[in-house]
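**Student:** The following block contains the structure, expressed as structure tokens.
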Protein chains: 2
Amino acid sequence: MTDDTTKRKRQARGEKRMEELLDAAAEVFAAQGYAKASTNAVAAAAGASPGTLYQFFRNKEAIAEALMARYVQRLRAAHGEAFDLSVADLPLADMLDRVIDPIVAFDRANPGFYALLSDPHLSSGLANAKRPAQALMFEQLDRILAKRAPDFPPEARARTAEVAVHLFRGLLPLIMSADEAALPGLVAETKEVLSAYLAPRLSP
Amino acid sequence: MTDDTTKRKRQARGEKRMEELLDAAAEVFAAQGYAKASTNAVAAAAGASPGTLYQFFRNKEAIAEALMARYVQRLRAAHGEAFDLSVADLPLADMLDRVIDPIVAFDRANPGFYALLSDPHLSSGLANAKRPAQALMFEQLDRILAKRAPDFPPEARARTAEVAVHLFRGLLPLIMSADEAALPGLVAETKEVLSAYLAPRLSP
DNA sequence: TAAAAATACGAGCAACTACTCGCATTTACA
DNA sequence: TGTAAATGCGAGTAGTTGCTCGTATTTTTA
């Protein structure tokens with residue numbers, strides 16, 4: 001097996017190089033988009049040579065896959081267990097605070113994540129790498145909805161969760177480009193939207 | 001001036017070729033995305049040679065600009081004057097029917113339009129070409145809001161319109177990939193979302 | 001009809017792409 | 001310390017890209 005992420009014996013130096021290369025990839029992908037970004041530019045941005053890049057990553061796609069995997073890992077760490085089950089019993093507004101705020105902070109702190117997530121023209125391999133990130137938000141919301149409204153038919157509940165996630169993602173471009181001054185108002189309005197959408201579905 | 005769209009003396013044959021090339025560009029852009037699409041592929045999809053393509057379009061960017069301009073023109077024709085002023089007095093649900101349905105139909109009928117509109121990594125020239133299309137929806141909604149709620153402060157009204165447009169665009173991926181059977185329910189839910197968001201802002 | 005202009009072609013070019021390979025240096029480990 | 005493995009480099013390769021240009025054909029125009 002030539003799996004770059006598990007099998008090879010890595011030195012501490014190598015692990016650090018991989019992190020630098022992923023950081024560089026995040027920058028370049030965020031600035032130019034995945035398709036237009038060149039692997040030579042990623043290597044240069046990391047202060048490495050093309051040969052070094054390809055010692056750690058099989059090909060261009062593998063760079064984005066590893067980057068996405070790292071983002072998913074950090075997303076889980078950032079707000080993973082924190083609200084998984086406990087927030088479902090909170091009042092709706094408080095629950096939204098607990099769910100939205102960390103995601104907004106994460107997305108704004110990681111524009112490379114947003115660049116990959118919002119790109120609709122990724123290859124199937126990359127689309128698969130995106131799925132866990134999308135599933136993370138969907139499933140957590142779905143589980144919260146299930147606990148808050150046990151009588152909610154699972155099918156309709158799944159769509160409600162999916163629509164809610166897409167509503168949030170629709171406002172993400174505004175949230176990403178907002179300056180610090182405009183952000184709180186936008187986030188508040190985002191929560192109002194979700195509250196207005198979810199409230200009647202949670203207590204009919 | 002070497003402006004391809006206005007100055008050059010075009011024959012009927014040439015105009016037809018341009019339409020064919022734009023149709024081909026729409027296909028290729030929708031399938032692969034603008035960045036990954038090659039001009040040779042566009043020419044081939046139109047049954048033309050690269051040389052022929054470049055007789056009508058200065059460069060790759062000009063193809064997308066012309067395509068976007070054609071979409072804006074068709075968008076105006078499709079639902080332009082139809083509801084511009086009259087729908088503002090309708091009940092909210094009826095107004096949304098009149099606004100949403102034509103846009104949904106147009107977007108689904110023109111995946112090339114959606115491909116360009118949803119691409120967040122276009123060059124500045126392309127971003128400028130996108131602006132009229134975005135302004136079209138925003139300004140029409142803003143004008144409707146102004147007529148329905150004259151006391152609405154213009155600043156807050158503008159943001160309400162912008163947020164509403166982004167909410168719709170957030171659900172567009174679902175709408176675009178839905179099959180004919182699932183579409184009506186999705187569109188209905190889209191209208192419910194917008195209704196729930198706009199209603200309290202229109203009659204406080 | 002003849003010249004001018006528009007349309008059409010496609011081989012080909014310079015620039016760039018993802019990626020490789022031979023070889024030098026550094027580290028781990030016996 | 002010695003040697004195998006890991007890391008590092010960057011010139012180089014084959015393929016692709018956006019785009020050009022010489023030339024041939026069709027259409028307009030005078």
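**Student:** Would a scan of the range B:148-162 turn up a residue that is buried (at least 20 other Cβ atoms within 10 Å of the Cβ), within 12 Å of chain A (Cβ to nearest Cβ) and in contact (Cβ under 8 Å) with a residue 40 or more places away in the chain?
**Tutor:** Within the range B:148-162, one or more residues are buried (at least 20 other Cβ atoms within 10 Å of the Cβ), within 12 Å of chain A (Cβ to nearest Cβ) and in contact (Cβ under 8 Å) with a residue 40 or more places away in the chain.
**Student:** Tell me which residues, restricted to the range A:53-81, are more than 14 Å from chain B (Cβ to nearest Cβ), near DNA strand C (Cβ under 8 Å from one of its atoms), open to solvent by 30 Å² or more (accessible area, probe 1.4 Å) and in a helix (DSSP H, G or I).
**Tutor:** The answer is A:Tyr54, A:Gln55.
**Student:** May I ask you to say which residue of B:Ser203, B:Ser177 is within 21 Å of A:Gln134 (Cβ to Cβ) and more than 9 Å from every other protein chain (Cβ to nearest Cβ)?
**Tutor:** When all the criteria are applied, what remains is B:Ser177.
**Student:** In the range A:23-32, what residues are within 20 Å of B:Ala127 (Cβ to Cβ) and surrounded by 22 or more Cβ atoms within 10 Å (Cβ to Cβ)?
**Tutor:** Once the filter is applied, which keeps residues that are within 20 Å of B:Ala127 (Cβ to Cβ) and surrounded by 22 or more Cβ atoms within 10 Å (Cβ to Cβ), the range A:23-32 yields A:Val28, A:Phe29.
**Student:** Could you run through the range A:180-199 and say how many residues are within 11 Å of chain B (Cβ to nearest Cβ) and in contact (Cβ under 8 Å) with a residue 24 or more places away in the chain?
**Tutor:** Residues flagged as within 11 Å of chain B (Cβ to nearest Cβ) and in contact (Cβ under 8 Å) with a residue 24 or more places away in the chain within the range A:180-199 amount to 7.
**Student:** Something else now. Would you pick out the residues in the range A:12-61 that are away from DNA strand D (no atom under 13 Å from the Cβ) and in contact (Cβ under 8 Å) with a residue 60 or more places away in the chain?
**Tutor:** Result: A:Ala25, A:Ala26, A:Glu27, A:Phe29, A:Ala30, A:Gly33, A:Tyr34, A:Glu61.
**Student:** Could you say whether any residue in the range B:88-104 is under 23 Å from B:Leu126 (Cβ atoms) and not hydroxyl-bearing (Ser, Thr, Tyr)?
**Tutor:** Yes, there is a match, as at least one residue in the range B:88-104 is under 23 Å from B:Leu126 (Cβ atoms) and not hydroxyl-bearing (Ser, Thr, Tyr).
**Student:** Right, something else. When the residues of the range A:106-127 are narrowed to those that are at the interface with another protein chain (Cβ under 10 Å from one of its Cβ atoms) and surrounded by fewer than 16 Cβ atoms within 10 Å (Cβ to Cβ), which ends up nearest to the chain's Cα centre (by Cα)?
**Tutor:** Checked the range A:106-127; the qualifying residue nearest to the chain's Cα centre (by Cα) is A:Pro120.
Yes/no matrix, rows are residues, columns are (1) surrounded by fewer than 17 Cβ atoms within 10 Å (Cβ to Cβ); (2) more than 16 Å from DNA strand C (Cβ to nearest atom):
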position	(1), (2)
A:Gly47	yes, no
A:Leu90	yes, yes
A:Leu96	no, yes
A:Met137	no, yes
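**Student:** Within the range A:67-75, does at least one residue satisfy the condition of being under 24 Å from A:Arg148 (Cβ atoms), more than 16 Å from DNA strand D (Cβ to nearest atom) and among the β-branched types (Val, Ile, Thr)?
**Tutor:** no
**Student:** Considering only residues that are touching a Leu at 6+ places or on another chain (Cβ under 9 Å) and open to solvent by 40 Å² or more (accessible area, probe 1.4 Å), which ones fall in the range A:193-202?
**Tutor:** A:Arg201
The values are calculated or read from the model by the stated rules, or taken from the named source; none is laboratory data. Note that the structure is a prediction, hence the values are computed from the model and not measured. Here the Cβ is made from the backbone with ideal geometry for all residues, glycine too, and neighbour counts use every protein chain on show. Accessible surface areas use protein heavy atoms only, side chains included; no ligands, DNA or RNA. Shrake-Rupley method; radii C 1.70, N 1.55, O 1.52, S 1.80 Å.
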